[in-house]
Amino acid sequence: MNALLELMRRLRDPNGGCPWDREQTFATVAPYTIEEAYEVADAIDRNDPRQLRDELGDLLFQIVFHSRMAEEQGLFDFSGVAASIHDKLVRRHPHVFGDAPREGIEAQSRNWEELKARERAATAARQQSPDTSALADVPKALPALARAAKLGRRAARVGFDWQEPGQVRDKVIEELGEVDEALAGNAPERVTEELGDLLFAIANWTLHLKIDPEEALRAANAKFERRFRTMETLAAAAGQKLETLSPAAWEALWQKAKKA
């Protein structure tokens with residue numbers, strides 16, 4: 001770890017460091033940080049331990065990079081980052097590091113969220129922030145589907161939620177009807193709005209079914225990619241050009257791909 005921190009210091013050194021690394025800021029590095037997190041998830045999905053090790057290293061380097069830039073500005077350093085998460089985890093596990101009783105997983109999840117809510121309130125008070133909403137600090141940089149689910153969970157914690165999955169399903173059907181109305185009215189802006197409402201309702205439906213919407217959509221993406229690649233292989237084996245296929249031929253290939 002010390003060697004990695006020293007490597008980062010040298011990369012950022014004004015005398016003999018890397019010109020590219022020296023020019024970076026929190027904002028310019030942030031997209032790489034997000035990308036590396038997704039590559040970690042991809043390695044996990046592919047069940048590739050060696051690749052996971054490498055991608056975790058790439059993600060760790062992003063943390064080291066941000067920490068070094070902060071240290072240069074006198075804000076904090078890597079040790080501060082490590083101490084911050086260490087202390088936070090101790091606070092949020094009173095049943096391990098304190099005298100709180102050990103309860104079931106659901107109770108522990110509720111306690112975790114209550115502790116997080118108290119921490120957010122304390123942070124807002126310390127910063128004299130006017131935003132005391134239950135939705136405060138839900139990151140805007142999250143993928144839209146993941147953020148929709150997080151907003152739904154936050155709202156549910158204060159009682160704004162459906163009582164059962166069937167009610168959310170009815171909401172999905174209602175939103176689908178509103179999409180149809182917007183399409184019939186030839187109102188492109190309203191179609192976009194209503195499709196957004198439909199996606200938001202579906203995200204909340206998955207929460208009631210205890211399904212992660214991002215995970216479900218990633219699986220659907222992977223399935224579509226597998227089947228489409230199989231269709232390409234089948235078409236090539238038959239000497240067919242994809243762009244010349246009729247709808248019926250595409251459907252026949254799709255069904256073959258599904259069976260495969």
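Residue-by-condition table, conditions (1) more than 30 Å from P14 (Cβ to Cβ); (2) in contact with a helix residue (DSSP H, G or I) (Cβ under 7 Å, 6 or more places away or on another chain):
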{"position": "F65", "(1), (2)": "no, yes"}
{"position": "R68", "(1), (2)": "no, yes"}
{"position": "E72", "(1), (2)": "no, no"}
{"position": "G104", "(1), (2)": "yes, no"}
{"position": "R147", "(1), (2)": "yes, no"}
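For F76, which of the numbered conditions (1) surrounded by 14 or more Cβ atoms within 10 Å (Cβ to Cβ); (2) aromatic (F, W, Y); (3) in contact (Cβ under 8 Å) with a residue 40 or more places away in the chain fails to hold?
F76 satisfies every listed condition except (3).
State whether one or more residues within region 59-71 are among the charged types (D, E, K, R) and not in a helix (DSSP H, G or I).
No, region 59-71 contains no residue that is among the charged types (D, E, K, R) and not in a helix (DSSP H, G or I).
Determine whether region 97-107 contains at least one residue that is outside the structural domain of R218 (by TED's automatic domain parsing), on the phi < 0 side of the Ramachandran plot, among the aromatic types (F, W, Y) and at pLDDT below 80.
Scanning region 97-107, I find no residue that is outside the structural domain of R218 (by TED's automatic domain parsing), on the phi < 0 side of the Ramachandran plot, among the aromatic types (F, W, Y) and at pLDDT below 80, so the answer is no.
Give the residue that is modelled with the highest pLDDT, with candidates limited to residues of region 130-148 that are more than 16 Å from A203 (Cα to Cα), of a type outside the set (A, V, I, L, M, F, W, C) and surrounded by 12 or more Cβ atoms within 10 Å (Cβ to Cβ).
Checking each candidate, the answer is S133.
With (1) modelled with pLDDT of 95 or more; (2) surrounded by fewer than 12 Cβ atoms within 10 Å (Cβ to Cβ) as the list, and E193 as the residue in question, which single condition is left unmet?
(2)
Please state which one of V64, V90, V138, V96 is within 19 Å of the chain's Cα centre (by Cα) and of a type in the set (A, V, I, L, M).
Checking each option against the conditions leaves just V138.
Within region 233-260, can you find the residues that are charged (D, E, K, R) and surrounded by 13 or more Cβ atoms within 10 Å (Cβ to Cβ)?
Answer for region 233-260, where residues must be charged (D, E, K, R) and surrounded by 13 or more Cβ atoms within 10 Å (Cβ to Cβ): just K256.
Pick from region 201-214 the residues that are more than 16 Å from the chain's Cα centre (by Cα) and in a helix (DSSP H, G or I): which of them is surrounded by the fewest Cβ atoms within 10 Å (Cβ to Cβ)?
H208
Please report, ordered by residue number, the helices (runs of 4 or more DSSP H) entirely within region 84-162 with at least 1 residues that are touching a residue at least 60 places away in the same chain (Cβ under 8 Å) and among the hydrophobic types (A, V, I, L, M, F, W, C).
The qualifying helices (runs of 4 or more DSSP H) are 144-157.
Quick test of your reading of the structure: I34 fulfils all but one of (1) part of a helix (DSSP H, G or I); (2) free of Cβ contacts under 8 Å to residues at least 40 places away in the same chain; (3) under 30 Å from A155 (Cβ atoms). Name the failing condition by number.
So I34 meets the others, but not (2).
From the list V90, V96, which one is of a type in the set (V, I, T) and within 30 Å of M69 (Cα to Cα)?
V90
With L151, L198, L176, L217 as the choices, which residue is surrounded by 13 or more Cβ atoms within 10 Å (Cβ to Cβ) and under 30 Å from K256 (Cβ atoms)?
Going through L151, L198, L176, L217 in turn, the sole match is L217.
The values are calculated or read from the model by the stated rules, or taken from the named source; none is laboratory data. Nothing here was measured: the structure is a model prediction, and the numbers come from that model. Cβ: placed from backbone, ideal geometry, glycine included. Neighbour counts: every protein chain shown.
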